[in-house]
Amino acid sequence: MLKLDVEHVMSTDVTTVRPETSLSVIASEMTSQRISCLVVCDNESPVGIISERDLARVLSTVLNGDGAQLTAADIMSSPPITIRRNARIPEAMEIIQRYSIRRLVVTDRTGKLVGLITQTDLLKSHSIAIEAARDSLEGLVASRTTELEQANRQLEAMALEDSLMGIGNRRAMELEIEKCHNIAARYHRTYSVVLLDIDHFKGYNDHYGHLHADTVLTKIGQTLSEFIRGTDSLYRYGGEEILILLPETRLSGARHAGERARQRVESLGIEHEGSPLKIVTMSAGVAERRPSAAPAGADWHTVVQQADRALYRAKAEGRNRSCVDGRADALASTG
């Protein structure tokens with residue numbers, strides 16, 4: 001976009017009066033010209049500004065008959081807030097916002113009045129810039145649009161990623177599993193989920209501190225991301241819980257994936273004094289959405305709840321193991 005200076009959008013037709021100008025003349029000028037303000041100048045240099053608000057402020061004095069001797073110097077807002085004619089538009093916007101004013105007096109390098117810029121002028125400046133630069137900046141506009149789209153995609157991806165573990169967050173999981181479930185329900189397909197939880201993690205946090213606990217979460221996120229299939233996806237379900245979504249995967253395949261995930265974490269050998277095995281381990285619960293067995297009206301929450309019950313069973317049976325759909329066919333680890 002064309003970079004405009006204040007002088008490109010300011011109004012140069014500014015009505016001025018001297019400090020000694022009487023109130024009656026000021027009121028007459030503003031009424032006859034239908035203007036909302038005028039600038040008070042002394043030797044071409046602005047010393048104040050008079051607006052309709054300033055006139056309203058002295059109205060009671062006039063009505064009481066005491067305003068006959070009032071002059072511009074008596075009612076003007078002084079000193080006026082000014083800006084140089086070669087200043088950039090963003091600077092003018094910042095000044096108007098900072099002082100909560102509607103008009104900004106423009107001067108040259110010697111301090112002489114050259115114009116007036118208003119909020120409306122600033123709003124119009126963007127349209128002027130686009131119109132003036134349209135032919136020469138088409139390529140730049142296209143480039144900026146592409147950059148903006150890329151930035152938006154990056155922001156969207158960041159909004160769906162857990163920054164600590166480097167995997168999808170809960171919101172991303174809900175969006176993807178909803179899509180996966182709808183496809184499975186429509187076309188009578190299947191999918192499975194594996195819900196993993198770090199064993200004795202509260203004890204780890206209490207013993208080693210939050211920084212070490214965060215490092216463990218990051219390491220586990222990286223480790224699990226490296227082994228899942230390209231069609232599968234990994235999410236931080238909450239706290240130290242991780243969910244693996246496996247589209248088009250039956251229970252046997254999901255059970256194998258859950259056991260592999262558990263083994264990968266165990267093989268890291270991360271020290272954990274509060275664990276019976278003295279290392280960080282995980283438990284897993286596995287569940288499948290089967291078209292033939294899906295209850296009427298069941299949604300993806302049902303499948304996750306089944307995996308959660310299986311995970312609870314794995315915890316109850318000693319941890320560091322995988323359980324399937326809450327049933328007794330657990331895969332116990334030998335360490």
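Net charge dipole, the range 162-332: roughly 500 debye, given to the nearest 20, about the Cα centre with Cβ charges of +1 for Lys and Arg and -1 for Asp and Glu. Based on the alpha-carbon gyration tensor of the range 6-131 and its eigenvalue square roots a ≥ b ≥ c, which shape applies: rounded if a/c is under 1.5, prolate if not and a/b is larger than b/c, or oblate? Prolate shape, in that a/c is at least 1.5 and a/b is the bigger ratio. Peptide packing: for 253-262, 202-211, 299-308, the average count of neighbouring Cβ atoms within 10 Å per residue gives the ranking 253-262, 299-308, 202-211, highest mean first. Looking at Leu224, Met30, Ser11, which one has the Cα that reaches farthest to the positive end of the dipole of the chain (charges on Cβ: Lys, Arg +1; Asp, Glu -1)? Result: Leu224, furthest along the dipole toward the positive end.
Computed from backbone phi with θ = phi - 60° and the Karplus coefficients 6.51, -1.76 and 1.60, the 3J(HN,Hα) list for the range 71-84 is 10, 4, 5, 7, 10, 6, 7, 9, x, x, 7, 10, 8, 6 Hz; x is used for glycine and proline. Taking other Cβ atoms within 10 Å as a rough exposure proxy, Ile75, Ile244, Ile35 sort from fewest to most as Ile35, Ile75, Ile244. Proximity of backbone amide H atoms, modeled 1.01 Å from N, is registered between Val40 and Val17, Val47, Gly48, Ile49, Ile50 at under 5 Å, excluding neighbours fewer than 5 places apart on the same chain. Working note: Karplus 6.51/-1.76/1.60 with θ = phi - 60° gives the range 173-178 the couplings 4, 4, 5, 6, 6, 4 Hz, where Gly and Pro are set to x. For a modelled paramagnetic label at Gln69, 7 Å from Cα along Cα-to-Cβ, the residues of the range 15-31 in reach, with backbone nitrogen under 18 Å, are 19-25.
For the chain, the Cβ-based charge dipole about the Cα centre amounts to some 980 debye (Lys, Arg positive; Asp, Glu negative; other atoms uncharged). Which one, Ile128, Thr118, Ile75, projects farthest toward the positive side of the charge dipole computed for the range 6-131 from Cβ point charges (K/R +1, D/E -1)? Going by the charge dipole, the pick is Ile128. Helix content alone sets the calculated 222 nm mean residue ellipticity of the chain: runs of n ≥ 4 DSSP H residues at -39500 (n - 2.57) each, divided across all residues, give -14500 deg cm²/dmol.
For the range 276-282, 3J(HN,Hα) computed residue by residue from phi via the Karplus equation (6.51, -1.76, 1.60; θ = phi - 60°) reads x, 8, 6, 9, 6, 10, 9 Hz, glycine and proline entered as x. Projecting the Cα atoms of His188, Leu234, Leu268 onto the charge dipole of the range 180-280, computed from C-beta unit charges around the Cα centre, puts His188 farthest toward the positive end.
Near the amide H of Ile279, within less than 5 Å, lie the amide hydrogens of His272, all on another chain or at least 5 residues away, with H placed in the peptide plane. Relative to the current alpha-carbon distance between Ser252 and His301, full extension at 0.36 nm per residue lengthens the span by 15.6 nm.
Quick check: from the Cα gyration tensor, does the range 162-332 come out rounded (a/c under 1.5), prolate or oblate? It is prolate, given that a/c is not under 1.5 and a/b is the larger ratio.
Only lysines eight or more places from Lys278 in sequence, or on another chain, were considered; those with a Cα closer than 30 Å are Lys202, Lys219, Lys315.
Relative to the present Cα-Cα distance, how much length would full extension add between Lys112 and Glu271 at 0.36 nm per residue of separation? Please list the in-between numbers first.
On the way: separation 159, 0.36 × 159 = 57.24 nm, distance 7.52 nm.
Separation in residues times 0.36 nm, less the Cα-Cα distance, equals 49.7 nm.
Convex hull volume of the Cα atoms of the chain, normalised per residue: 272 Å³. Amide hydrogen proximity for Leu70: with H placed 1.01 Å from N in the peptide plane, the residues at 5 or more positions away or on another chain lying under 5 Å are Leu23. With a Förster radius of 45 Å applied to the beta-carbon distance between Glu94 and Val62, the computed FRET efficiency rounds to 0.80.
Bear in mind that the values in this text are calculations on the coordinates, not laboratory data. Predicted model, so just to flag it, every value in this text is computed and none were measured. Glycine also receives a Cβ, built like all others from the backbone with ideal geometry; neighbour counts cover every protein chain displayed.
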